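Input: a single structure, listed below in structure tokens.
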Amino acid sequence: MPNVILEIKNLKKTYPNGVRGLRGVSFQVLRGEFLVIIGLSGSGKSTLLRCINRLTDATNGQIKISIDQTAEKVDVTKFKSPTAIRALRKSIGMIFQQFNLVPRHTVIKNVLMGKLATTTTLKSILGLFSVADRTEALNYLELVGIADKAYLRADHLSGGQQQRVAIARALMQKPQILLADEPVASLDPATSHTVMNYLKKVNHELGITIICNLHDLSIVRQYATRVIALKDGEIVFEGSPLAINEDWFQKIYGIGALEKEIG
Amino acid sequence: MKPYIIRRSLLDGFCFSVICSAFYFYLPEAVLNTEMNFKLQIILFLCELILGALLSSVLYRGRITTLGAKIFQPDFNPGVAEAKNFYRTFWGWQFLVTLLILFIIGIFKTRFSFFELLNIDGLQGAQRLFLGMASPNWQVLPQAISNIIETIFMAFIATTLATPVAFVLSFLAAKNVMKGRMAFIIYLFLRTILNLVRSIEALVWAIIFSVWVGIGPFAGMLALMMHSIASLTKQYSEIVESVNEGPIEGIQSCGANKIQTIWYAIVPQVILPFISFTVYRWDINVRMATIIGLVGGGGIGTMLIKYQGQAMWAEVGTIIFVIAVVVWLMDQASAVLREALK
């Protein structure tokens with residue numbers, strides 16, 4: 001199967017305090033997919049994403065990624081050296097619920113930080129990014145529709161705008177995969193759709209595979225090409241977003257949970 | 001053994017030995033204060049400490065809350081408030097009695113005496129001194145000013161040299177930066193060294209350096225610098241440890257290395273508090289520099305000790321006036337600067 005970009009086998013994570021975040025998760029991701037992972041808080045969604053780019057180290061199992069189309073898939077959980085882990089992170093972009101921009105820097109500088117992996121330490125400390133990098137940064141800001149905000153301080157932007165800056169920063173890495181950890185959980189419904197639309201655009205126009213954690217089912221149905229549901233660190237559902245009916249909903253979110261309608 | 005048990009035993013043991021020492025007052029002076037009995041006293045103290053620790057664990061088994069248990073025992077029921085008033089508890093009385101005995105011993109040890117305080121000869125001496133200082137000799141003013149400028153520059157150079165060193169060390173002494181085994185060893189090593197340096201007062205450093213490089217402002221400056229490096233590193237690293245982790249993960253997920261992460265995610269968050277602490281350190285250093293002069297660190301302090309030695313109180317008055325004005329000005333300026341940097 002040449003178009004499998006990511007293959008996870010029996011992934012387990014036990015935290016030092018004994019909490020079991022993941023209890024053996026296996027699935028595959030195809031190139032170009034918009035995969036959404038749903039589940040309650042504490043179901044292991046974040047842990048799963050963070051294991052993929054090694055912000056968290058898995059206890060057990062395999063995560064095989066083919067960084068470019070021709071290369072063999074390699075098990076990234078085996079990576080030991082910081083250099084290998086940095087190379088992995090370079091090819092995987094990530095956006096977060098709290099945006100995680102550097103508040104005091106300008107928007108364009110935040111976007112340029114996506115190029116840190118390919119900039120030497122000395123040049124990055126002196127802030128010497130190439131003209132090509134700057135043009136690229138402005139292009140990505142254009143893509144997410146906030147080129148006019150490029151020279152404002154990042155913390156002067158609204159939440160939705162900050163998340164778009166974060167997307168632009170991730171795009172600067174020229175990633176194969178974009179991980180999105182609850183990207184719209186701290187945004188209002190209208191802004192949520194704007195941000196999700198930009199993610200969809202990135203997925204369609206740039207062909208970047210997206211793995212996204214969400215908990216709002218109405219958004220999931222609109223954007224996902226495939227859904228995986230986690231409960232207590234295990235996969236309880238895998239399939240089309242349209243296949244999640246009332247029964248499945250109750251299984252994933254617990255008996256008595258009601259689906260609320262938003263926007 | 002759990003650390004809180006050790007802490008509880010030590011505190012209760014100490015309280016017990018303090019309470020025991022109340023009974024020594026009945027013993028004749030000769031038994032206690034001769035050098036021959038020094039060993040005996042140490043052994044006695046250690047025995048009391050151990051006895052107290054044992055007593056503490058007996059009381060703890062008997063469900064009586066001792067002071068040590070009250071302070072160090074982890075709270076298993078955080079929602080439950082103390083039902084009894086403190087004067088009806090064992091630990092309350094243990095605390096009061098220990099404090100009272102310590103206070104009484106302290107009164108004797110510091111030779112507290114109203115007689116000396118109100119002695120007529122002494123009062124006249126003090127009066128002479130105050131009168132002298134109240135009518136300063138302005139002849140020495142130019143010299144005092146040139147000396148205080150030397151003091152201010154001592155503080156300035158000490159702070160300026162200490163700041164970059166402390167800046168680099170602070171990241172190596174911050175727990176959230178030093179993850180991994182090797183890094184943690186460096187962190188522990190550095191923390192120990194810094195605590196050691198900081199526990200030696202600047203005054204003692206001045207004595208060391210005045211032997212090393214000779215009496216004068218250079219020795220004083222080096223002493224202030226040593227102390228500033230240790231103090232600033234500690235303060236800086238505490239700020240580094242309290243930064244928001246979000247931007248750090250954001251930068252790490254871009255594939256940045258350690259130095260890039262520190263520079264882009266941590267430094268922007270800590271730079272203003274760093275500057276604020278640096279300004280405050282300069283302010284502290286000016287005050288310390290006057291004292292350091294007393295032991296040969298140069299500047300205004302050396303001039304002060306010279307005139308004080310000759311009981312020239314009018315000149316001393318001038319010097320104290322100059323110091324007070326400069327310290328007050330520095331204090332105000334640094335407060336205004338720090339307020340603006342918030």
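The values are calculated or read from the model by the stated rules, or taken from the named source; none is laboratory data. On a predicted model such as this, the values are computed, not experimentally measured, just so you know. A quick note on method: Cβ atoms are made from the backbone with ideal geometry, for glycine too, and the neighbour counts reach across all protein chains shown. Accessible surface is based on the protein model in full, side chains and every heavy atom, while ligands, DNA and RNA are left aside. Shrake-Rupley method; radii C 1.70, N 1.55, O 1.52, S 1.80 Å.
Picking from B:Phe184, B:Phe218, B:Phe209, B:Phe189, which residue would you name as being in contact with a Leu (Cβ under 6 Å, 6 or more places away or on another chain), farther than 19 Å from B:Phe277 by Cα and of a type in the set (Phe, Trp, Tyr)?
B:Phe209 is the lone residue from the list that is in contact with a Leu (Cβ under 6 Å, 6 or more places away or on another chain), farther than 19 Å from B:Phe277 by Cα and of a type in the set (Phe, Trp, Tyr).
How many residues does segment A:100-114 hold that are in contact with a Leu (Cβ under 9 Å, 6 or more places away or on another chain), under 15 Å from A:Asp155 (Cα atoms) and crowded, with 24+ Cβ neighbours inside 10 Å?
Matching residues across segment A:100-114 total 4.
Quickly run through segment B:211-221 and pick out the residues that are assigned to a helix (DSSP H, G or I) and surrounded by fewer than 24 Cβ atoms within 10 Å (Cβ to Cβ). Walk me through how you get there before you give the answer.
Taking segment B:211-221 first, the residues assigned to a helix (DSSP H, G or I) are B:211-212, B:217-221.
The answer is B:Val211, B:Trp212, B:Pro217, B:Phe218.
I need the full set of residues from segment B:223-261 which are of a type in the set (Gly, Ala, Ser) and open to solvent by less than 30 Å² (accessible area, probe 1.4 Å), in order please.
Residues of segment B:223-261 that are of a type in the set (Gly, Ala, Ser), as a first pass: B:223, B:228, B:230-231, B:237, B:242, B:246, B:250, B:253, B:255-256.
Matches in segment B:223-261: B:Ala223, B:Ser228, B:Ala230, B:Ser231, B:Ser237, B:Gly246, B:Gly250, B:Ser253, B:Gly255, B:Ala256.
Do the conditions hold for B:Ile239, that is, is it over 25 Å from B:Leu190 (Cα atoms), under 29 Å from the mean Cα position of the chain (by Cα) and away from every other protein chain (no Cβ under 14 Å)? First the steps, then the outcome.
Details: over 25 Å from B:Leu190 (Cα atoms): no; under 29 Å from the mean Cα position of the chain (by Cα): yes; away from every other protein chain (no Cβ under 14 Å): yes.
No, not satisfied.
Going residue by residue through segment A:68-88, is there one that turns out to be assigned to a helix (DSSP H, G or I), open to solvent by less than 50 Å² (accessible area, probe 1.4 Å), at pLDDT 90 or above and more than 10 Å from chain B (Cβ to nearest Cβ)?
No, that holds for no residue.
So, in segment A:1-49, of the ones that are in a helix (DSSP H, G or I) and either of a type in the set (Asp, Glu) or over 14 Å from A:Thr77 (Cα atoms) (or both), which residue ends up most open to solvent (accessible area, probe 1.4 Å)? Steps first, answer last, please.
Restricting attention to segment A:1-49, the residues satisfying the condition of being in a helix (DSSP H, G or I) are A:45-49.
Still in the running and either of a type in the set (Asp, Glu) or over 14 Å from A:Thr77 (Cα atoms) (or both): A:45-46.
Numbers: A:Lys45: 13, A:Ser46: 48 Å².
Only one residue fits best here, namely A:Ser46.
Any idea which of B:Gly255, B:Gly296, B:Gly250 is on the phi > 0 side of the Ramachandran plot and within 14 Å of chain A (Cβ to nearest Cβ)? First the steps, then the outcome.
Values: B:Gly296 fails: within 14 Å of chain A (Cβ to nearest Cβ); B:Gly250 fails: on the phi > 0 side of the Ramachandran plot.
Every option except B:Gly255 fails the conditions.
Pull up segment B:176-210, narrow it to residues that are out of contact with any helix residue (DSSP H, G or I) (no Cβ under 6 Å at 6 or more places or on another chain) and outside any helix (DSSP H, G or I), then point me to the one that is farthest from B:Leu232 (Cα to Cα).
Checked segment B:176-210; the qualifying residue farthest from B:Leu232 (Cα to Cα) is B:Gly180.
For segment A:89-114, which residues satisfy the criterion of being farther than 18 Å from A:Asp181 by Cα and within 8 Å of another protein chain (Cβ to nearest Cβ)?
Our first condition is that a residue be farther than 18 Å from A:Asp181 by Cα; within segment A:89-114, this holds for A:103-113.
Selection gives A:Pro103, A:Arg104, A:His105, A:Met113.
Among the residues of segment A:115-137, which ones are exposed (fewer than 15 other Cβ atoms within 10 Å of the Cβ) and either more than 9 Å from chain B (Cβ to nearest Cβ) or within 20 Å of the chain's Cα centre (by Cα) (or both)?
A:Thr120, A:Leu122, A:Lys123, A:Leu126, A:Gly127, A:Leu128, A:Ser130, A:Val131, A:Ala132, A:Thr135
Residues being of a type in the set (Lys, Arg) and modelled with pLDDT under 90: count how many of those fall in segment A:9-30. Explain how you work it out, then say what you get.
Filtering segment A:9-30 for residues of a type in the set (Lys, Arg) gives A:9, A:12-13, A:20, A:23.
Still in the list and also modelled with pLDDT under 90: A:20.
Final tally of qualifying residues: 1.
How many of the residues in segment A:50-67 are away from chain B (no Cβ under 14 Å) and either part of a loop (DSSP other than H, G, I, E, B) or exposed (fewer than 15 other Cβ atoms within 10 Å of the Cβ) (or both)?
Residues in segment A:50-67 being away from chain B (no Cβ under 14 Å) and either part of a loop (DSSP other than H, G, I, E, B) or exposed (fewer than 15 other Cβ atoms within 10 Å of the Cβ) (or both): 4 in total.
Scan segment A:40-49 and tell me whether some residue there is within 12 Å of chain B (Cβ to nearest Cβ) and within 21 Å of A:Arg20 (Cβ to Cβ). Outline the logic, then answer.
Quick first cut of segment A:40-49, residues within 12 Å of chain B (Cβ to nearest Cβ) only: A:46, A:49.
Checking the rest, the ones that are also within 21 Å of A:Arg20 (Cβ to Cβ) come to A:46, A:49.
Among the residues of segment A:40-49, at least one is within 12 Å of chain B (Cβ to nearest Cβ) and within 21 Å of A:Arg20 (Cβ to Cβ), which makes the answer yes.
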